[in-house]
Ligand code: HEM
């Protein structure tokens, strides 16, 4: 038996800003998509596309993941933050640097890009100082902690290549070839975002959908496969290989998330809680987008012969939108409606629990509003993918506008969770009672 | 000495925490609450400490067991 040290929940004021600011990144990405021009469909490294990508991956998804790690590490994995003050400074740095970074891509100002990229590296360093102890990797071998540990290393590697690419764009040490671009991109997308979301899902999907009869069976091998594919594949891509090697790398990169998707489906189908709330729905929708992402990714790796209009950029763009906005984004949106309400519950009601009736987590957010966000965001994602694949700028722009609308709804709905008073609903938990929802 | 047994498996957070805190209200000096859990309740510990309880968590087997008692002077 172990006598555990008291855990410390992170302050609401520390975590909530990350969740509330994250949709701004999505809104910005949606707006940039809404201002797509002809280049967007012709070159995947067009300035607006690189701006759009980083608004989405660093401004939206990474910002949300920062909040999730600061919350879930101490709450679920038993780790601790080194310093809450550092985490607050980190929020300020990240929230300030991201818009500047995105702006330098939009303007393609390589000199300012270097400064903004350095600010971003600082933000990641501040995060990592807290994140490693927060997930408690060294003390426990839990599956989510192992995924998060690996993903943090991948974030550092991705940022290392990113700042090098920004440096070479300014100082012309060597060209950023399509292969180098793809290598950095996949280290970030699969290594950082993919692994983090896969690990968090291993924790939250069974926890909130009440999965008892089945346990993950292949979490360890899937982690090893995904880390090897992201790191090895990312480095191979940087050498600009031919189509067959590219296809082999794509298959290797798809294998881990594909196997994880099957495992998630198995767990979700074995859940005891039959009624799906927004998080359960988002998990299924996100798995659907994972299938789309894998199919488009494999086609994009084959390249020209199978590209619509013989224009590989359209396939790459559709693939990116499916992976970022569909698979990763919808998973994050769904989990936000568990992580944030639970945190609010913990700070407002834990001292009253067992003494007076207290609301349940479901009383703290509006399921209707959350489902509306999910519906608008999912539709926007499908429309944007369709616009990319059809090569139709107007459809692509419409998708961008819908994503911005979804982001605005999401932010209002999350702000309501944090700021509004919550009246316990009639089926609240009283002393000695158990809510059954 | 009485033992209050709780089976907190298969419940969504924060229900396990609420059930344990509710059971503690009626706990006499020698009594204990023994709860079967799905996972270690890290965030419960500060609240137990605040309310004057001590705890042991056994995480060795598939079913995790939390035992809570009053702090005795
Ligand atoms: C310090 C951090 C980072 C810096 C300085 C950075 C820098 C860059 C640069 C300069 C490019 C464009 C190269 C070119 O077009 O010539 C690029 C592309 C890209 N980066 Fe980053 N990056 C960073 C972090 C990340 C992270 C964390 C992710 C993913 C989560 C990511 C995902 C991507 C993607 C997907 C592309 C390709 C965009 C496209 O083709 O439109 N980056 N990055």
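The values are calculated or read from the model by the stated rules, or taken from the named source; none is laboratory data. Because the structure is predicted, anything quoted here is derived from the model rather than measured. For neighbour counting, all protein chains shown are included, and Cβ atoms are generated from backbone atoms with ideal geometry for every residue, glycine included.
Name, by its number, the condition in (1) under 30 Å from residue A:32 (Cβ atoms); (2) within 14 Å of chain B (Cβ to nearest Cβ); (3) at pLDDT below 95 that does not hold for residue A:335.
The single condition residue A:335 does not satisfy is (3).
Quick one: count up the residues across region A:85-105 that are farther than 21 Å from residue A:157 by Cα, touching a helix residue (DSSP H, G or I) at 6+ places or on another chain (Cβ under 7 Å) and within 16 Å of the ligand (Cβ to nearest atom).
Qualifying residue count, region A:85-105: 3.
Residue A:10 fails exactly one of the following numbered conditions: (1) farther than 26 Å from residue B:49 by Cα; (2) away from the ligand (no atom under 16 Å from the Cβ). What is the number of that condition?
Exception for residue A:10: condition (1).
Out of A:59, A:64, A:79, A:73, report the one residue that is away from the ligand (no atom under 16 Å from the Cβ), assigned to a helix (DSSP H, G or I) and either crowded, with 24+ Cβ neighbours inside 10 Å or within 14 Å of another protein chain (Cβ to nearest Cβ) (or both).
Numbers: A:59 fails: away from the ligand (no atom under 16 Å from the Cβ); A:64 fails: away from the ligand (no atom under 16 Å from the Cβ); A:79 fails: assigned to a helix (DSSP H, G or I).
Checking each option against the conditions leaves just A:73.
With closer than 19 Å to residue A:87 by Cα and under 23 Å from the mean Cα position of the chain (by Cα) as the only criterion, which of A:181, A:122 stands out? Give the derivation first.
Numbers: A:181 fails: closer than 19 Å to residue A:87 by Cα.
Every option except A:122 fails the conditions.
Of the residues A:189, A:193, A:197, A:223, only one is assigned to a helix (DSSP H, G or I), on the phi < 0 side of the Ramachandran plot, more than 14 Å from chain B (Cβ to nearest Cβ) and away from the ligand (no atom under 16 Å from the Cβ); which? Even if it seems obvious, please write down each step before you answer.
Values: A:189 fails: away from the ligand (no atom under 16 Å from the Cβ); A:193 fails: away from the ligand (no atom under 16 Å from the Cβ); A:197 fails: away from the ligand (no atom under 16 Å from the Cβ).
Selected residue: A:223, the only one of A:189, A:193, A:197, A:223 that is assigned to a helix (DSSP H, G or I), on the phi < 0 side of the Ramachandran plot, more than 14 Å from chain B (Cβ to nearest Cβ) and away from the ligand (no atom under 16 Å from the Cβ).
Could we say that residue A:127 is buried (at least 17 other Cβ atoms within 10 Å of the Cβ), more than 10 Å from the ligand (Cβ to nearest atom) and under 14 Å from residue A:58 (Cβ atoms) here?
Values: buried (at least 17 other Cβ atoms within 10 Å of the Cβ): yes; more than 10 Å from the ligand (Cβ to nearest atom): yes; under 14 Å from residue A:58 (Cβ atoms): yes.
Against the criterion (buried (at least 17 other Cβ atoms within 10 Å of the Cβ), more than 10 Å from the ligand (Cβ to nearest atom) and under 14 Å from residue A:58 (Cβ atoms)), residue A:127 qualifies.
Filter region B:1-41 for residues that are facing chain A (nearest Cβ under 8 Å) and more than 23 Å from residue A:338 (Cβ to Cβ); which is surrounded by the fewest Cβ atoms within 10 Å (Cβ to Cβ)?
Across region B:1-41, the extreme among qualifying residues is B:25.
Going by the structure shown, is residue A:294 away from chain B (no Cβ under 14 Å), over 22 Å from residue A:68 (Cα atoms) and touching a helix residue (DSSP H, G or I) at 6+ places or on another chain (Cβ under 7 Å)? Step through it out loud before you land on a result.
Working: away from chain B (no Cβ under 14 Å): yes; over 22 Å from residue A:68 (Cα atoms): yes; touching a helix residue (DSSP H, G or I) at 6+ places or on another chain (Cβ under 7 Å): yes.
In short, yes.
Among the residues of region A:343-360, what is the count of those that are free of Cβ contacts under 8 Å to residues at least 24 places away in the same chain, under 20 Å from residue A:277 (Cβ atoms) and within 7 Å of another protein chain (Cβ to nearest Cβ)? Before you say what the answer is, go through the steps one by one.
Taking region A:343-360 and keeping what is free of Cβ contacts under 8 Å to residues at least 24 places away in the same chain, we get A:345, A:349-352.
Now drop any that are not under 20 Å from residue A:277 (Cβ atoms), which leaves A:345, A:349.
Filter once more, so that each one left must be within 7 Å of another protein chain (Cβ to nearest Cβ): A:345.
Total satisfying the criteria: 1.
Is there a residue in region A:92-100 that is modelled with pLDDT under 95, under 28 Å from residue A:201 (Cα atoms) and more than 19 Å from the chain's Cα centre (by Cα)? Talk me through it step by step, then tell me what you get.
Looking only at region A:92-100, we keep the residues that are modelled with pLDDT under 95, and these are none.
Checked against the condition, which is being modelled with pLDDT under 95, under 28 Å from residue A:201 (Cα atoms) and more than 19 Å from the chain's Cα centre (by Cα), region A:92-100 yields no hits at all.
Which one of A:173, A:165, A:108 is in contact with a helix residue (DSSP H, G or I) (Cβ under 9 Å, 6 or more places away or on another chain), more than 12 Å from the ligand (Cβ to nearest atom) and either within 14 Å of chain B (Cβ to nearest Cβ) or over 22 Å from residue A:65 (Cα atoms) (or both)? Spell out how you get there, then give the answer.
Values: A:165 fails: more than 12 Å from the ligand (Cβ to nearest atom); A:108 fails: more than 12 Å from the ligand (Cβ to nearest atom).
Testing whether each residue is in contact with a helix residue (DSSP H, G or I) (Cβ under 9 Å, 6 or more places away or on another chain), more than 12 Å from the ligand (Cβ to nearest atom) and either within 14 Å of chain B (Cβ to nearest Cβ) or over 22 Å from residue A:65 (Cα atoms) (or both) leaves just A:173.
If I filter region A:231-250 for residues that are within 14 Å of chain B (Cβ to nearest Cβ) and in contact with a helix residue (DSSP H, G or I) (Cβ under 6 Å, 6 or more places away or on another chain), do I get at least one hit? Lay out the reasoning, then the answer.
Let us first name the residues in region A:231-250 that are within 14 Å of chain B (Cβ to nearest Cβ), namely none.
For region A:231-250, residues within 14 Å of chain B (Cβ to nearest Cβ) and in contact with a helix residue (DSSP H, G or I) (Cβ under 6 Å, 6 or more places away or on another chain): absent.
Which residue out of A:246, A:266, A:271, A:314 is under 22 Å from residue A:377 (Cα atoms) and either out of contact with any strand residue (DSSP E or B) (no Cβ under 6 Å at 6 or more places or on another chain) or in a helix (DSSP H, G or I) (or both)?
Numbers: A:246 fails: under 22 Å from residue A:377 (Cα atoms); A:266 fails: under 22 Å from residue A:377 (Cα atoms); A:271 fails: under 22 Å from residue A:377 (Cα atoms).
Result: A:314 is the single residue among A:246, A:266, A:271, A:314 that is under 22 Å from residue A:377 (Cα atoms) and either out of contact with any strand residue (DSSP E or B) (no Cβ under 6 Å at 6 or more places or on another chain) or in a helix (DSSP H, G or I) (or both).
Of these, A:365, A:337, which one is outside any helix (DSSP H, G or I) and surrounded by 20 or more Cβ atoms within 10 Å (Cβ to Cβ)?
Only one candidate qualifies: A:365.
Pairs needed: first member in region A:138-167, under 13 Å from residue A:234 (Cβ atoms); second member anywhere, within 14 Å of the ligand (Cβ to nearest atom) and modelled with pLDDT under 95; C-beta distance under 9 Å; at least 6 residues apart or different chains.
none
Select from region B:42-68 the residues that are part of a loop (DSSP other than H, G, I, E, B) and at pLDDT 90 or above and write down the one among them that is surrounded by the fewest Cβ atoms within 10 Å (Cβ to Cβ).
Here is the first cut: in region B:42-68, the residues part of a loop (DSSP other than H, G, I, E, B) are B:42-43, B:51-52, B:59-63.
Keeping just the survivors that are at pLDDT 90 or above gives B:51-52.
Working: B:51: 16, B:52: 10.
Looking at residues that are part of a loop (DSSP other than H, G, I, E, B) and at pLDDT 90 or above, I get B:52.
Quick check on residue A:143: is it within 14 Å of another protein chain (Cβ to nearest Cβ), under 30 Å from residue A:216 (Cβ atoms) and more than 12 Å from the ligand (Cβ to nearest atom)?
Values: within 14 Å of another protein chain (Cβ to nearest Cβ): yes; under 30 Å from residue A:216 (Cβ atoms): yes; more than 12 Å from the ligand (Cβ to nearest atom): yes.
Spelling it out, residue A:143 is indeed within 14 Å of another protein chain (Cβ to nearest Cβ), under 30 Å from residue A:216 (Cβ atoms) and more than 12 Å from the ligand (Cβ to nearest atom).
Any idea which of A:157, A:153 is assigned to a helix (DSSP H, G or I), more than 9 Å from the ligand (Cβ to nearest atom) and over 24 Å from residue A:203 (Cα atoms)?
It is A:157.
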